[in-house]
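So the structure is just underneath, and the comments pick up after that.
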Amino acid sequence: MTQSIDRVVLPPPFPDHTQLPESDGSFVKNFQEHPQSILLTDSIGPVLQQIHPDGHYAIGQDCGIYWRETDPPEKGAEAPDWFYVPNVPPKLDGEIRRSYVIWREYIAPLIALEFASGNGEEERDQTPLSRSEQGKVTKPGKFWVYEQIIRIAYYGIYEIKTGNLEVYEFLKGFYHKMKPNQRGHYPIEPLGIELGLWQGTYQNQNQLWLRWWDNQGNLLLIGNERAEVERARAQKAEQERQQEAEARFIAEQERQQEAEARFIAEQAIFEAVPRFLKMGLTVEQVAEALSLSVEQVREQVKG
């Protein structure tokens with residue numbers, strides 16, 4: 001009697017970032033999104049280089065964070081406008097990241113930011129993932145996914161139209177709305193920096209932007225701002241060098257003039273010695289009159 005062995009069918013492996021869609025096909029909702037992301041990334045670069053000298057961190061800009069498998073796959077992803085993940089390589093197996101896949105890497109982003117074109121309703125949606133008796137799955141809200149599934153430590157919502165900024169911190173399993181400090185900024189303590197709003201011009205757009213500050217309240221500069229500060233510092237140093245050189249030149253001129261004046265005065269005094277002696281004054285009287293020593297007068301007479 002032969003015994004049959006049932007064939008074990010293994011489930012397919014979880015897909016990675018190269019097998020998942022890198023876009024959901026939607027348009028960028030406003031012209032500020034991409035410049036805003038670049039502004040944040042550029043200015044925080046020097047801070048992250050100090051924190052991660054090995055370069056192990058990743059920044060996503062409108063990239064998908066895959067947190068569950070769905071059909072189609074992109075329904076299982078959320079795409080923050082900007083996010084930062086510590087302690088992961090910037091590339092995977094030498095390939096540029098196309099998305100961030102939680103079930104492959106496990107490390108949650110430290111901070112995610114959303115630039116809301118509307119009133120922020122979508123970004124604050126706390127609808128939980130659920131399934132009806134008929135098997136219909138309710139799409140979870142973005143806020144709920146970030147808080148309950150991905151558990152991003154800091155979540156910021158910036159309403160572009162109103163200039164309103166809200167930042168939430170993940171504490172004891174839930175998001176708690178943070179209060180700004182005395183500078184109106186929100187401290188991101190693990191990075192030693194603050195997030196706030198800055199009025200200014202960037203890429204030909206003058207408006208409110210999200211910017212970083214250090215924990216002393218100094219604005220973190222972008223590349224061209226750092227270059228401008230360095231140019232101003234170099235110009236100031238050159239001006240100071242020129243001023244010092246001019247001051248040394250003037251001081252040398254004054255020294256020479258004083259030396260010439262002393263020489264002329266001494267010559268005038270010594271030339272007066274013979275005249276005073278011819279007038280019948282004694283050597284002692286001439287010395288007293290010209291504030292010279294007797295020896296100086298006698299040497300002048302000999303000379």
Self-check item: Identity of the residue in segment 164-215, open to solvent by less than 80 Å² (accessible area, probe 1.4 Å) and part of a loop (DSSP other than H, G, I, E, B), that ends up farthest from residue 38 (Cα to Cα)
Solution: 173
Practice problem: Name the single residue, out of those in segment 107-144 being open to solvent by 30 Å² or more (accessible area, probe 1.4 Å) and assigned to a strand (DSSP E or B), that is modelled with the highest pLDDT. | Solution: 130
Quiz prompt | segment 148-163, residues that are over 21 Å from residue 34 (Cβ atoms) and without any contact (Cβ under 8 Å) to a residue 60 or more places away in the chain | solution = 148, 151, 153, 154
Self-check item: Flag for residue 104 being surrounded by fewer than 18 Cβ atoms within 10 Å (Cβ to Cβ), under 27 Å from residue 48 (Cβ atoms) and among the basic types (Lys, Arg)
Solution: yes
Self-check item: First in segment 110-129 and closer than 24 Å to residue 194 by Cα, second anywhere and surrounded by fewer than 17 Cβ atoms within 10 Å (Cβ to Cβ), Cβ under 7 Å, 6 or more apart
Solution: 110/190; 117/29; 117/30
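So which of 62, 71 ends up being open to solvent by 40 Å² or more (accessible area, probe 1.4 Å), assigned to a loop (DSSP other than H, G, I, E, B) and at positive phi? So that I can check it myself, show each step before the final result.
Numbers: 71 fails: at positive phi.
Going through 62, 71 in turn, the sole match is 62.
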Exercise. For segment 81-101, enumerate the residues that are within 15 Å of residue 67 (Cα to Cα), assigned to a loop (DSSP other than H, G, I, E, B) and open to solvent by less than 70 Å² (accessible area, probe 1.4 Å).
Key: 99
Self-check item: Pairs, first farther than 30 Å from residue 45 by Cα in segment 226-245, second hydroxyl-bearing (Ser, Thr, Tyr) and surrounded by 10 or more Cβ atoms within 10 Å (Cβ to Cβ), C-beta under 9 Å, six or more apart
Solution: none
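With on the phi < 0 side of the Ramachandran plot, free of Cβ contacts under 8 Å to residues at least 40 places away in the same chain and assigned to a loop (DSSP other than H, G, I, E, B) as the only criterion, which of 281, 221, 277 stands out? Spell out how you get there, then give the answer.
Values: 221 fails: free of Cβ contacts under 8 Å to residues at least 40 places away in the same chain; 277 fails: assigned to a loop (DSSP other than H, G, I, E, B).
After applying the criteria, what remains is 281.
Return yes or no: is residue 269 in contact with a Leu (Cβ under 6 Å, 6 or more places away or on another chain), open to solvent by less than 100 Å² (accessible area, probe 1.4 Å), in a helix (DSSP H, G or I) and of a type in the set (Val, Ile, Thr)?
yes
The values are calculated or read from the model by the stated rules, or taken from the named source; none is laboratory data. Nothing here was measured: the structure is a model prediction, and the numbers come from that model. Positions of Cβ are generated from backbone atoms using ideal geometry, with glycine treated the same way; all protein chains shown enter the neighbour counts. Each accessible area value is taken on the protein alone, full model and side chains, heavy atoms only, with ligands, DNA and RNA left out. Shrake-Rupley method; radii C 1.70, N 1.55, O 1.52, S 1.80 Å.
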